[in-house]
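> This is the structure I have questions about; it appears just below.
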Amino acid sequence: MALLLSLGAAWGSYTTFAASAACYGSCRRNVALLHTLPLACGVLLAVSALLLVLGAVLIFVQKVPGAVLTGLGALLPLVPVVLFFAIADIRDYVIEFGLDLPIIVIGAFALATFTLSVLSPTLAFLRYRPPAFPPPPGYGPR
């Protein structure tokens, strides 16, 4: 899930930068907030994509920091989702470019990835180390 979310975050970062560049000077609302926040969200999504890829690789090699990096990387895309719902100007900006559904899907996927990365079975799996030597063979059947 972390790898799929990293692809979504990378796409979101690219789309945010492209939409911000297309909107600069030509959008209905030319407010400084509408140009600063999308750029910050784009950087946040790019950092999230990097953390998620690194966390997924560490989970594949069964290291506990992978769950921590995945959890942190999954929390970062939730910031643009919260801004989308909290600030009406940002919502209008996003809807103008038709990115409302992808933001909601990425937010739901990020919440699910975060939840799964901090569950105790995930951490127990990552902490498990098989015994170095197999136990001695028992006596045969009587």
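> Mind checking whether some residue in region 89-97 is within 30 Å of LEU58 (Cα to Cα), modelled with pLDDT of 80 or more and open to solvent by less than 90 Å² (accessible area, probe 1.4 Å)? Outline the logic, then answer.
Let us first name the residues in region 89-97 that are within 30 Å of LEU58 (Cα to Cα), namely none.
The answer is no, given that none of the residues of region 89-97 is within 30 Å of LEU58 (Cα to Cα), modelled with pLDDT of 80 or more and open to solvent by less than 90 Å² (accessible area, probe 1.4 Å).
> From TYR24, TYR14, which residue is open to solvent by 50 Å² or more (accessible area, probe 1.4 Å), at pLDDT 90 or above and hydroxyl-bearing (Ser, Thr, Tyr)? Show your work before the answer.
Values: TYR24 fails: at pLDDT 90 or above.
After ruling out the rest, the residue left standing is TYR14.
> Can you tell me which residue among GLY42, GLY66, GLY71 is among the small types (Gly, Ala, Ser), at pLDDT 80 or above and within 11 Å of the chain's Cα centre (by Cα)?
Numbers: GLY42 fails: within 11 Å of the chain's Cα centre (by Cα); GLY66 fails: within 11 Å of the chain's Cα centre (by Cα).
Criteria check complete, one pass: GLY71.
> Please determine whether any residue of region 109-118 is surrounded by fewer than 14 Cβ atoms within 10 Å (Cβ to Cβ), modelled with pLDDT of 90 or more and hydroxyl-bearing (Ser, Thr, Tyr).
Looking for residues that are surrounded by fewer than 14 Cβ atoms within 10 Å (Cβ to Cβ), modelled with pLDDT of 90 or more and hydroxyl-bearing (Ser, Thr, Tyr), one finds at least one in region 109-118, hence yes.
> Something else now. Taking region 50-66, which residues are in contact with a helix residue (DSSP H, G or I) (Cβ under 6 Å, 6 or more places away or on another chain), β-branched (Val, Ile, Thr) and either open to solvent by less than 40 Å² (accessible area, probe 1.4 Å) or farther than 17 Å from ALA124 by Cα (or both)?
Answer for region 50-66, where residues must be in contact with a helix residue (DSSP H, G or I) (Cβ under 6 Å, 6 or more places away or on another chain), β-branched (Val, Ile, Thr) and either open to solvent by less than 40 Å² (accessible area, probe 1.4 Å) or farther than 17 Å from ALA124 by Cα (or both): just VAL53.
> If PHE60 satisfies all but one of (1) at pLDDT 80 or above; (2) aromatic (Phe, Trp, Tyr); (3) closer than 23 Å to ASP89 by Cα, what's the number of the condition it fails?
(3)
The values are calculated or read from the model by the stated rules, or taken from the named source; none is laboratory data. Because the structure is predicted, anything quoted here is derived from the model rather than measured. For neighbour counting, all protein chains shown are included, and Cβ atoms are generated from backbone atoms with ideal geometry for every residue, glycine included. Remember, those area values only see protein heavy atoms, side chains included, never the ligands or the DNA or RNA. Shrake-Rupley method; radii C 1.70, N 1.55, O 1.52, S 1.80 Å.
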